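A.B. asks: Dropping a structure here in structure tokens format, bear with me for questions.
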Amino acid sequence: KKVFQCQQRCRLSKIRASADDNQDTDDVEEPNVKGFGTGNPKFKPRGVSLQNQLDESGYLRPEYSNESTLPEIVSQRMVRRVIVLFGVPFFTGIGVFALFYYLSTQKEITFIPSVVASSTLGVFALGLVGITYGIMSASWDPEIEGSVLGVEEFKSNVFRTVEALGRQKMRETSAEKLMDVDELKPKKKKTSKKDK
């Protein structure tokens, strides 16, 4: 183990020394340590290239850029709305359950368990709906703040979402059709030596 550590230190010191010697020159060649050197200048990437992808599927997958990410100001709007629209029902549900507990233990009022369960779970479910409404009622336009209740924003965002899901479904069906067409193409018969 000590020999291995010593060998590693020796290699590192040689690499550092050669790097220090080559700092003044413009043509600095990186050391080749266990396959991590400059490598082959005629490097060909492995895997699917854009041309291979186009040849195989007939279309290119879109590259996602920063434009497809959620702007910071929009995410902050969503978080503020979700905190309010989820937090209020959630803590109300806890309060309702505590109220039922207090009334049953201290005031000795008997409640049907299904009433307690349905009232607390109903308020918690309202909190889950609040998460969805908080996200969908925020203005997705970074320039426009939106209204307090967000009814118009909710309508437009639901429309955008349904439209995007429809486009995605169309892309998937067109890709499936392209695959079906590729399967229907006549395949070239392999000629064997016996046929010749």
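A.B. asks: Give me the distance in nm between label points sitting 7 Å out from Cα along the Cα-to-Cβ direction at R80 and L121, one decimal.
C.D. replies: 3.6
A.B. asks: In addition: Let me cross-check Y133: its accessible surface, 1.4 Å probe, with only protein heavy atoms counted, in Å² to the nearest 10?
C.D. replies: Solvent-accessible area, nearest 10 Å²: 60 Å².
A.B. asks: Using the alpha carbons of region 107-185, what is the convex hull volume per residue in cubic angstrom, as a whole number?
C.D. replies: Cα convex hull per residue, to the nearest whole number: 153 Å³.
A.B. asks: Quick check on region 90-133: take the gyration tensor over C-alpha atoms, sort the square-rooted eigenvalues as a ≥ b ≥ c, and tell me if it's rounded (a/c under 1.5), prolate or oblate.
C.D. replies: oblate
A.B. asks: Sticking with this structure for a sec: What residues from region 100-132 fall in the zone where the backbone N is under 19 Å from a label point 7 Å along the Cα-to-C-beta line of L70?
C.D. replies: 127-132
The values are calculated or read from the model by the stated rules, or taken from the named source; none is laboratory data. It should be emphasised that the depicted structure is a prediction, and the values quoted were computed from it without experimental measurement. Ideal geometry is used to build each Cβ from the backbone, glycine not excepted, and the neighbour counts take in all protein chains shown. Side chains included, ligands, DNA and RNA excluded: accessible areas come from the protein's heavy atoms. Shrake-Rupley method; radii C 1.70, N 1.55, O 1.52, S 1.80 Å.
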